[in-house]
1. With every protein chain present, what accessible area does ARG125 have (1.4 Å probe, heavy atoms only), rounded to the nearest 10 Å²?
2. Given Cβ point charges of +1 (Lys, Arg) and -1 (Asp, Glu) and nothing else, what value in debye, to the nearest 20, does the dipole of region 1-158 about its Cα centre take?
3. For helix 14-33, what angle does its Cα long axis make with the longest principal axis of the chain, in degrees from 0 to 90 and rounded to 10?
4. Over the chain, with a Gaussian network built from C-alpha contacts below 10 Å, which listed residue (ASP215, ASP127, ASP253) shows the highest mean-square fluctuation?
5. Can you give the angle from 0 to 90° between the axis of helix 160-172 and the longest principal axis of the chain, with both taken from C-alpha atoms, to the nearest 10?
6. Please work out the average accessible area per residue across the chain, using the 1.4 Å probe convention, and give it in Å².
7. In region 176-272, which chymotrypsin sites (Phe, Trp or Tyr not before Pro) fall in coil by DSSP and have 14 or fewer other Cβ atoms within 10 Å?
8. In whole Hz, what ³J(HN,Hα) sequence does region 233-248 give by Karplus (6.51, -1.76, 1.60; θ = phi - 60°), x for Gly and Pro?
Amino acid sequence: AKLDGRGSVWFFDQKLHDELLHQHRLVDRLAKALNSEELSLNYQPQVSAASGHIENLEALLRWQPEEGPPISPAEFIPLAERSELIHRLGDWIMETACRQRAQWRDAGLPLERIDINFSGRQMSRPDIFERFEACLARHDLGPRHIGIELTENVLIEADDRILEGLRRLHHLGFRIAIDDFGTGYSSLSYLKHFPVTALKIDRAFVRDAPDQPEDRAIMEAAIFIGHRLGLEVVAEGVENREQLTLVQEMRCDLVQGFYFFRPMPAEEVERILAGLVAGHPGLSG
Ligand code: C2E
Ligand code: MG
Ligand code: MG
Ligand code: MG
């Protein structure tokens with residue numbers, strides 16, 4: 001730290017500088033990756049808690065640079081959100097997921113929806129709903145085929161335009177899930193006003209519930225409220241038998257997690273779904 005002429009202190013923080021540089025480079029590389037083979041969508045099944053059957057898939061973005069290790073969306077999406085890049089990325093995700101869903105529909109694979117994650121910055125794009133509906137129309141898809149996931153905070157911060165758009169989608173029959181439920185804003189009263197159809201209980205609760213009575217209690221309460229409001233409840237991040245048994249006892253409707261499936265490339269999903277068509281059961285528990 002140095003004193004400047006006016007007597008105030010300014011810092012040259014090498015670590016902060018390095019971090020900013022790193023972020024800047026990452027965004028640069030991501031922009032270039034957009035039209036390359038480096039980006040792809042993986043799909044993670046959500047299975048029925050009762051039957052173990054695959055119901056829906058969640059689309060999850062993957063970035064595998066030509067060299068080096070994969071980079072997590074949890075790292076690069078927030079960075080992309082600081083610039084217009086998030087919109088180009090969002091368009092690409094929407095188009096890729098819709099094209100894939102249409103292809104699987106045409107192939108007759110047994111599958112309900114592909115759910116797409118939308119970040120806050122994506123929702124604040126003025127024409128996001130027009131783009132979404134145009135994309136669906138291009139591929140001749142409807143509410144049976146594509147759903148969306150938003151975090152609590154995105155809903156809380158939504159302005160009238162966004163809420164209006166969501167209400168319209170809800171009215172048309174689209175599934176709208178609250179992602180990472182329980183980790184954002186804690187008031188429950190907002191549930192009453194928002195056009196949503198499902199709660200996804202954050203995986204932190206699922207992870208700790210077997211050992212922590214408090215997490216278990218919060219989960220039970222969330223599931224109870226969800227069901228009383230007529231919402232579907234999804235447990236995220238189920239990794240073992242114990243957690244599965246617990247969320248089954250708590251009457252979650254759908255389960256997502258490594259215990260059943262990891263996020264997978266489209267070809268792998270296809271093999272599994274095609275196997276189901278060919279009459280192989282045996283996916284449960
Ligand atoms: P999310 O939407 O809550 O996605 C669930 C995350 O949990 C995924 O991480 C998934 O791989 C991981 N997961 C699923 N089952 C398990 C499990 O049993 N154990 C553990 N430990 N993890 C599990 P991922 O793919 O790294 O994505 C992280 C976050 O990045 C997502 O959280 C979402 O917020 C964001 N994201 C990913 N793809 C997209 C996208 O296409 N668009 C937007 N806007 N955000 C995305
Ligand atoms: Mg999600
Ligand atoms: Mg989630
Ligand atoms: Mg999450």
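1. Per-residue accessible area (ARG125): approximately 40 Å².
2. Computed about the Cα centre, the dipole is about 180 debye.
3. It is inclined by approximately 50 degrees.
4. Of ASP215, ASP127, ASP253, the Gaussian network model singles out ASP127 as fluctuating most.
5. Once rounded, the angle reads 20 degrees.
6. On the way: 15060 Å² over 285 residues.
Each residue of the chain exposes 53 Å² on average to a 1.4 Å probe.
7. Loop-located and lightly packed - TYR185, PHE258.
8. 10, 10, 9, 8, x, 6, 10, 9, 4, 4, 5, 4, 4, 4, 6, 5
The values are calculated or read from the model by the stated rules, or taken from the named source; none is laboratory data. None of these values were measured; they are calculated from a predicted model. Don't worry about glycine lacking a Cβ; one is built from the backbone with ideal geometry, like all the others, and counts go over all protein chains shown. We work out accessible area using only protein heavy atoms, side chains counted, and drop any ligands, DNA or RNA first. Shrake-Rupley method; radii C 1.70, N 1.55, O 1.52, S 1.80 Å.
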